[in-house]
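Written below as structure tokens is the structure these notes are about.
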Amino acid sequence: MTHKPQIKIPATYMRGGTSKGVFFRLKDLPEACQSPGEARDKLLLRVIGSPDPYQKQIDGMGGATSSTSKTVILAEPTQPDHDVDYLFGQVSIDKPFVDWSGNCGNLTAAVGAFAINSGFVAKDRIHENGTCTVRIWQANIKKTIVAHVPITNGEVQETGDFELDGVTFPAAEVQVEFMDPADGEGSMFPTGNLVDDLEVPGVGTLKATMINAGIPTIFVNAEDIGYKGTELQDDINSDPAALARFETIRAHGAVKMGLIQNIEEAANRQHTPKVAFVAKPSDYVSSSGKRIGAGDVDVLVRALSMGKLHHAMMGTAAVAIATASAVPGTLVNLAAGGGDRTHVTFGHPSGTLRVGAEAKEVNGQWTATKAIMSRSARVLMEGWVRVPGNTF
């Protein structure tokens, strides 16, 4: 039996925020994979090592978590006054599909550096020392994101002393601005309400804030589902019944938000929406052993991604948290003490994160104008990734 040899494709393995992913330039992909479709999906699945019934991704670049089963494709900008197009693919671990329905906010911090290193940013805009502003078109959600990347001696500065809970080692700070992060095609609150009664069979009727800012997210109160908001990953992920309940909540919320027509469709849309639970501040010990005091945060938030409790917080969900906190009357805002605010510091399983957000009400409709946060990023490995020649 003859087997085709492996092919190699230029790629870079990067950490961005609390995520890792394999980065490609569109022009470096095999011709059949330069357009959206089955060939591209098959390639990315094989690169990451999915679908894997063992859920380990041993035969690929994935790390067997939602935070590390990610791919990024950068291309020449399709929009004026932008430097690069950024397309994100969330690769399922145990199923044969790539979810293109949303963005990865954490990896956005790495997009700026990759764009500079890959020649997407004009050299006359890269100062010898200082900060380079990279104008990113997020192609999944059709939004502008601006990354402020530190530059030293004409090159991206990756090392530094900026610490990010959920990341072991310090690095250089990258400031990321999510411009007009609310859904441009509809209301930021798809149901028209700041708080809804969400009927979930087998769970009950829950108060829920459903928002589309950064990424579609369903927020519920921790106490309404039997939690305190101080839970760590194992408290949730070791409980199959709890995970099933969260997926049921997510599916019914997705229908109410108009993202899917029926709950069965949720299985093929794992990346969005997210589901999260919030609580008033309380003391807890983070997953690293760091003590978080009630006075250190405004609100506690725990969020699930791809069916599991996230070890820290997704960057896009952080945008949703900050935006919801800026709108008086949402569950996030109420848990944070209510009132007007332009930023929020929330506690997550790995520690804390501060995010700024601006929201305004115009003609009875709320919209977000900007959300901003600090992340870090660095290249972990660069060269070629290899896949069997019969992959696609």
GNM of the chain, Cα pairs under 10 angstrom: of 314, 306, 381, the biggest fluctuation goes to 381
So the FRET efficiency between residue 283 and residue 193, C-beta based with R0 = 35 Å and rounded to 0.05, is 0.60
Filtered hits (lysines, Cα-Cα < 16 Å from residue 8, offset >= 8 within chain) -> 27, 42
So the FRET efficiency between residue 361 and residue 207, C-beta based with R0 = 30 Å and rounded to 0.05, is 0.90
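In Å, what Kirkwood hydrodynamic radius results for segment 318-388 from the alpha-carbon pair distances?
Its Kirkwood hydrodynamic radius stands at 14.1 Å.
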Once the dipole of the chain is set up from charges on Cβ (+1 Lys and Arg, -1 Asp and Glu), the residue from the list 376, 345, 21 lying farthest towards its positive end is 21
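Percent relative contact order of segment 337-392, based on C-alpha pairs within less than 8 angstrom and at least six residues apart?
21 percent
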Partner aspartates and glutamates whose C-alpha sits under 17 Å from that of residue 308, ignoring same-chain residues fewer than 8 away, are 52, 94, 99, 231, 234, 235, 239, 247
Rounded to 0.05, the calculated FRET efficiency for the beta carbons of residue 379 and residue 265 at R₀ = 30 Å is 0.20
Summing -39500 (n - 2.57) over every DSSP H run of at least 4 in the chain, dividing by its residue total and rounding to the nearest 500, the 222 nm mean residue ellipticity is -4500 deg cm²/dmol
In debye to the nearest 20, the charge dipole size for segment 1-149, taken about the Cα centre with +1 at each Lys and Arg Cβ and -1 at each Asp and Glu Cβ, equals 200 debye
Distance in nm between residue 35 and residue 6 label points, each 7 Å along Cα→Cβ, equals 3.0 nm
The size of the Cβ-based charge dipole (Lys, Arg +1; Asp, Glu -1) of segment 243-392 about the Cα centre, to the nearest 20 debye, is 300 debye
Expected field for residue 127, accessible surface area in Å² at 1.4 Å probe radius, rounded to 10, holds 100 Å²
The distance between the Cα centres of segment 81-95 and segment 123-174, in whole Å, is 18 Å
Looks like segment 46-135, by Cα gyration tensor root eigenvalues a ≥ b ≥ c and the a/c under 1.5 rounded cutoff (else prolate when a/b is bigger than b/c, oblate otherwise), is prolate
Length gained, residue 95-residue 168, 0.36 nm per residue minus C-alpha separation, equals 23.3 nm
Carbon and sulfur atoms account, in whole percent of the 1.4 Å probe accessible area of the chain, for 48 percent
In segment 218-319 the DSSP beta bridges are antiparallel at a rate, in percent to nearest 5, of 70 percent
Dividing the mean separation of Cα pairs under 8 Å (6+ apart) by the residue count of the chain yields a relative contact order in percent of 20 percent
Most fluctuating of 100, 137, 366 in the GNM of the chain (C-alpha, under 10 Å) is 366
Here the percent of antiparallel bridges among DSSP beta bridges lying wholly in the chain, to the nearest 5, is 85 percent
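The values are calculated or read from the model by the stated rules, or taken from the named source; none is laboratory data. Nothing here was measured: the structure is a model prediction, and the numbers come from that model. Neighbour counts run over all protein chains shown; Cβ positions are idealised from the backbone, glycine included. We work out accessible area using only protein heavy atoms, side chains counted, and drop any ligands, DNA or RNA first. Shrake-Rupley method; radii C 1.70, N 1.55, O 1.52, S 1.80 Å.
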